[in-house]
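Worksheet: the structure to be examined is printed underneath.
The values are calculated or read from the model by the stated rules, or taken from the named source; none is laboratory data. All values derive from a computational prediction rather than experimental measurement. Cβ: placed from backbone, ideal geometry, glycine included. Neighbour counts: every protein chain shown. Remember, those area values only see protein heavy atoms, side chains included, never the ligands or the DNA or RNA. Shrake-Rupley method; radii C 1.70, N 1.55, O 1.52, S 1.80 Å.
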Amino acid sequence: MKLYKLCLVAFACAWSAGAMAQWQWIDKDGRKVFSDRPPPLEIPEKDILRQPHQRIAPVAPVAPVADTQSAPSPAPKPAAASSAKGTDKLLEERKAKAEAEAEAAKAAKDKAAQEKLAADRAENCTRAKQAKASLDSGQLMKHTNAKGEQVFMDDASRAVERKRAQSVIDSDCKP
């Protein structure tokens, strides 16, 4: 009978060992939370009371009292900044990743705009070359005047249009 009770006590001790792997923290509403999972990232490290494999709550280091007549000491660092180093590293990594993604998106947008500009220039070049070839062929050509009437081009207007087509070719047909 004693062996049975000893096994039962050993089993109860082994069963309760899982409670040692518990997290304990204070949530945003001020309540103590017990869990087998770590707290959310928005919980500051100073509010984490217990972590697995830690028997007592972490104690904040006590700063030595400085002599008021000695040389001035540097200003102490804020406790939140020094206690949340793990969170700060994670936030910095996320911020760097977001900045890299923004840079990549901007680069892709710029590249797409440049490709569109290049395609537009190629199309303008093709149209200007076709227009110049038509003007150089000597065929009768019509154009619409300011009143909306169609009139045949004379030699002067043909020369002006040929000059305009050549300027478009010079500007847009560069390799």
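If I go through segment 128-158 residue by residue, how many of them are assigned to a helix (DSSP H, G or I), among the charged types (D, E, K, R) and either free of Cβ contacts under 8 Å to residues at least 12 places away in the same chain or touching an Asp or Glu at 6+ places or on another chain (Cβ under 8 Å) (or both)? It would help to see each step written out before you state the result.
Taking segment 128-158 and keeping what is assigned to a helix (DSSP H, G or I), we get 128-137, 155-158.
Filter again for among the charged types (D, E, K, R), leaving 129, 132, 136, 155, 158.
Keeping just the survivors that are either free of Cβ contacts under 8 Å to residues at least 12 places away in the same chain or touching an Asp or Glu at 6+ places or on another chain (Cβ under 8 Å) (or both) gives 155.
The total comes to 1.
Could you please let me know if Lys46 is open to solvent by 100 Å² or more (accessible area, probe 1.4 Å), in contact with a helix residue (DSSP H, G or I) (Cβ under 7 Å, 6 or more places away or on another chain) and at pLDDT 85 or above?
Values: open to solvent by 100 Å² or more (accessible area, probe 1.4 Å): yes; in contact with a helix residue (DSSP H, G or I) (Cβ under 7 Å, 6 or more places away or on another chain): yes; at pLDDT 85 or above: yes.
The answer is yes for Lys46.
I need the full set of residues from segment 104-161 which are more than 49 Å from the chain's Cα centre (by Cα), of a type in the set (A, V, I, L, M) and under 24 Å from Asp172 (Cβ atoms), in order please.
Once the filter is applied, which keeps residues that are more than 49 Å from the chain's Cα centre (by Cα), of a type in the set (A, V, I, L, M) and under 24 Å from Asp172 (Cβ atoms), segment 104-161 yields Ala133, Leu135, Met141, Met153, Ala159, Val160.
Output the residue which, of all residues in segment 118-153 that are open to solvent by 60 Å² or more (accessible area, probe 1.4 Å) and of a type in the set (S, T, N, Q), is nearest to Ser167 (Cα to Cα).
Top of the filtered list is Asn124.
Could you please tell me which pairs satisfy a Cβ distance under 9 Å, a separation of 6+ or placement on different chains, a first residue in segment 87-103 that is within 17 Å of Ile43 (Cα to Cα), and a second residue that is part of a helix (DSSP H, G or I) and not aliphatic (A, V, I, L, M)?
That search, which allows pairs on different chains as well, returns Thr87/Glu45.
Return a yes/no flag: does segment 59-71 have any residue that is out of contact with any Pro (no Cβ under 8 Å at 6 or more places or on another chain), surrounded by 13 or more Cβ atoms within 10 Å (Cβ to Cβ) and at pLDDT below 75. Spell out how you get there, then give the answer.
First, pick out the residues of segment 59-71 that are out of contact with any Pro (no Cβ under 8 Å at 6 or more places or on another chain): 59-62, 64-71.
Still in the running and surrounded by 13 or more Cβ atoms within 10 Å (Cβ to Cβ): none.
Taking every residue of segment 59-71 in turn, none turns out to be out of contact with any Pro (no Cβ under 8 Å at 6 or more places or on another chain), surrounded by 13 or more Cβ atoms within 10 Å (Cβ to Cβ) and at pLDDT below 75.
Can you name every residue in segment 154-167 that is polar (S, T, N, Q) and open to solvent by 50 Å² or more (accessible area, probe 1.4 Å)? Spell out how you get there, then give the answer.
First, the residues of segment 154-167 that are polar (S, T, N, Q): 157, 166-167.
Answer for segment 154-167, where residues must be polar (S, T, N, Q) and open to solvent by 50 Å² or more (accessible area, probe 1.4 Å): Gln166, Ser167.
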